[in-house]
Amino acid sequence: ESPPDLPEGAAQLAKAAAADLEANHGRAIVMVGERQPPELHALAHWLNARIAAPVDYIEPVAAADDTQSLQELAQALDARSVETLIVIDANPAYDAPADLNMADKFAKASFAARLGLYDDETSALCQWHLPASHLLESWSDLRAFDGTASVVQPLIRPLYDSRTAHDLLAMMGGSVGPSSYQLVRQTWQGQAAGTDFESNWRQMLHDGVVADSAAVKVTPGAPKRPDLTPDRAALHTTLLLAPDPSLYDGRYANNAWLQECPHPFTKDVWGNSFHISPAEARLRHVADGDVVALTHDGVTLRGPARIRAGQADGVIALTLGHGRRRAGRIGNDIGIDAYRLRRSASPWLTAEVSLATTGAHVELPTLQHHFKLEGEAKDLYPVISLAELAKGERPKDRDEQQPTLYPRFPYDSYAWAMVIDTSVCIGCNACVIACQAENNVPVVGPEEVARGRDMHWLRIDRYVPDEHLPPGFQPVPCMQCEQAPCEPVCPVAASVHDGEGLNVQVYNRCIGTRFCQANCPYKVRRFNWFGYADGQEYGDLSADSIKAQHNPNVTVRARGVMEKCTYCVQRISAARRAAEREHRKIGEGEVVTACQAACPTRAISFGDKNKHDAHVNALRAEPHHYALLGHLGTRPRTTYLARLRNPNPALPEGTQA
């Protein structure tokens, strides 16, 4: 067959990709995004068979088709054949496809009740709202995508008089006072006949997974090549929907931590926006913050535009989970409700939408105002190819000893250090939220964010090499400088150095001059403008149940003090006391910071620099190791590995990651 009519750049990319796949027969794999149509998944399946991709096929885990079951429920409600409707931990009045019009159909049920954590949009349409136990309060079980089962154990006793879904279903079945613990045990006891169940049960809880519970691998037949025809709708503007990186489908909209968690690709907080490519924005004369109107099938959504590098031309992206009406005091009426344009036939892609400017403009609340790798930014975030590294090219700042008037300190006990690999950081913000939870970092709200007064101790800077390339991410905590510029300018010695190389902040000395913040070249210090611990919390954060989330090992700071990353000094202190009781030194990996523990890609490493075989020392010896602004002579204890690239030589520079 004749090849498809592709633009020159796309044809060149396809040719190079095909050559790579053929050259790596049996080792390469073709993957398709989960929100792409079934035809593309079938094509990937056919291609993987052609290149003998290392793919395991398993029997599908039994699961209901959510869209089909919702359609059947909508039809039953229209027919008024539903006498009792029980909604368990779902919110169809908000997040069901708009064409099903579920909110208007609840009145057609004779009786409706909802079990859930919050009194939300669906609860408002039901006669009864049943308070549900939180996952951290519940016994349960679940299955992974590959079928592996796990028993869920509670971490705390229920805070309120609530019930789990297991309890509710058992009560509906006639059980009086059921116990979710006993219900889960009975489930697995029935599948372990003829064995010592008590031993197996304890082993399940210890391992976290049920042994040999994964789905059976199967050998499928030879796939057929799907008959693909060009989609003429692709010539029109298309809306791409996706779960929000912080709020997911909207269930976390009332969580202030997540509302103030920056989106990875834009650093925007407290809301969502229409993501438009730079070329599309130039064509339509749209700038960041311009309010646009997106219309499809008579429904119009209005909201701000965000120009995002890497966004496909002709595709407008919008995240789900915003625009809630009954999320709670924190999450109500924030952002754009994308569900109004979602359809059951195509839940992720909406073709043939129209976009128009309105003439209005809003300031987007964001935590970063620099994006491109221009000028000196290339020294802040070096990007090196493997070929350049082999030729001897190195990052500019290699943490070399600079001339200094600072006195040398021996650091003859521990010397704590951190190395962050920017090549594997994906900007997911797990470290940011982990730091917030560990160190009682307050939320400031959208108004204070707009003034630049965010309080996160750890930020992830985003750098864009080119508008056609994926961005890079650089986590930036306090650098813990050995020669710290913040220390000599503090008039009350609140910013001081300890004998292990930590730049310590003494809160009860700080008088809020902010001299240290002005003298910090990394801008990682945060000033507590308001009494977040004294009744000035944002929204409902002064509630007793919210106060209970504070880490008792970390001081809750008062108004008017400077605060910053401490390398989780409370964890270092706990490990030191344990080692002293046993008359030994702290071992490798015994201290794990909160950000390190949460990182899914293990981009963050932490350890004792004085320990010759420490992992951080091996990383500091790598040729692409560098110190951020190392030429200033601050001698930071937090250092980096430059981002590595392996571009295809058959493609021109600037067209690939």
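The values are calculated or read from the model by the stated rules, or taken from the named source; none is laboratory data. Keep in mind the model is a prediction, meaning the values are calculated, not measured. So basically every Cβ, Gly included, is an ideal-geometry build from the backbone, and we count neighbours across all protein chains shown. Note: accessible area is taken over every heavy atom of the protein model, side chains too, but ligands, DNA and RNA are not part of it. Shrake-Rupley method; radii C 1.70, N 1.55, O 1.52, S 1.80 Å.
For the reader, a short list of remarks on this structure follows.
- Label of the coordinate-derived value, volume of the Cα convex hull per residue in Å³, listed as [x] 330; [y] 213; [z] 292: [y]
- Relative contact order computed over the chain (Cα-Cα under 8 Å; 6+ residues apart), in percent: 12
- Here the chain is scanned for GluC sites (Glu not before Pro) in DSSP loops (not H, G, I, E, B) that have at most 11 other Cβ atoms within 10 Å, and the longest stretch holding none of them is 84-362.
- Among the listed pairs K15/K396; K396/K611; K267/K523, those with a Cα-Cα distance over 24 Å are K15/K396; K396/K611.
- Over region 508-559, Cα pairs under 8 Å with separation of 6+ residues give a relative contact order of 33 percent.
- The fraction of accessible area contributed by carbon and sulfur in region 375-430 is 54 percent, rounded to a whole number (1.4 Å probe; ligands and nucleic acids excluded).
- Solvent exposure of the chain amounts to 52 Å² per residue of accessible area, where only protein heavy atoms count and the probe is 1.4 Å.
- Largest first, the residues V30, V449 sort by 1.4 Å accessible area into V30, V449.
- Over the chain: helical MRE at 222 nm, DSSP H runs n ≥ 4 each giving -39500 (n - 2.57), nearest 500: -6000 deg cm²/dmol
- Its relative contact order, with pairs defined as Cα atoms under 8 Å and 6+ residues apart, puts region 468-558 at 21 percent.
- Qualifying trypsin sites (Lys or Arg not before Pro) in region 548-657, DSSP loop, other Cβ atoms within 10 Å at most 11: R584, R602
- Accessible area of region 453-607 belonging to carbon and sulfur atoms, whole % at 1.4 Å probe: 51
- Only beta bridges with both residues in region 63-215 are counted; by DSSP, about 30 percent of them are antiparallel.
- The fraction of accessible area contributed by carbon and sulfur in region 279-323 is 51 percent, rounded to a whole number (1.4 Å probe; ligands and nucleic acids excluded).
- In sequence order, region 638-644 has phi-based couplings of 8, 10, 9, 9, 5, 6, 9 Hz under the Karplus curve 6.51 cos²θ - 1.76 cosθ + 1.60, θ = phi - 60°, and Gly or Pro positions carry x.
- Taking amide H positions as modeled 1.01 Å from N, with prolines and chain starts lacking one, the residues under 5 Å from T639 and 5 or more places away or on another chain are M418, V419, I420.
- Beta-bridge orientation, the chain: approximately 60 percent antiparallel, per DSSP, counting only bridges with both partners inside.
- Taking T295, T266 and ordering them by how much accessible surface each has at a 1.4 Å probe, largest first, produces T295, T266.
- Annotation: cysteines of the chain without a disulfide-compatible partner (Cβ-Cβ under 4.7 angstrom) are C126, C261, C425, C428, C435, C481, C490, C510, C520, C568, C599.
- Across the options V441, A14, S175, the greatest Cα extent toward the positive end of the charge dipole of the chain (unit charges at beta carbon of Lys, Arg, Asp, Glu) belongs to V441.
- Taking amide H as placed 1.01 Å from N in the peptide plane, the amide H of F530 sits under 5 Å from that of G560, each at least 5 places away or on another chain.
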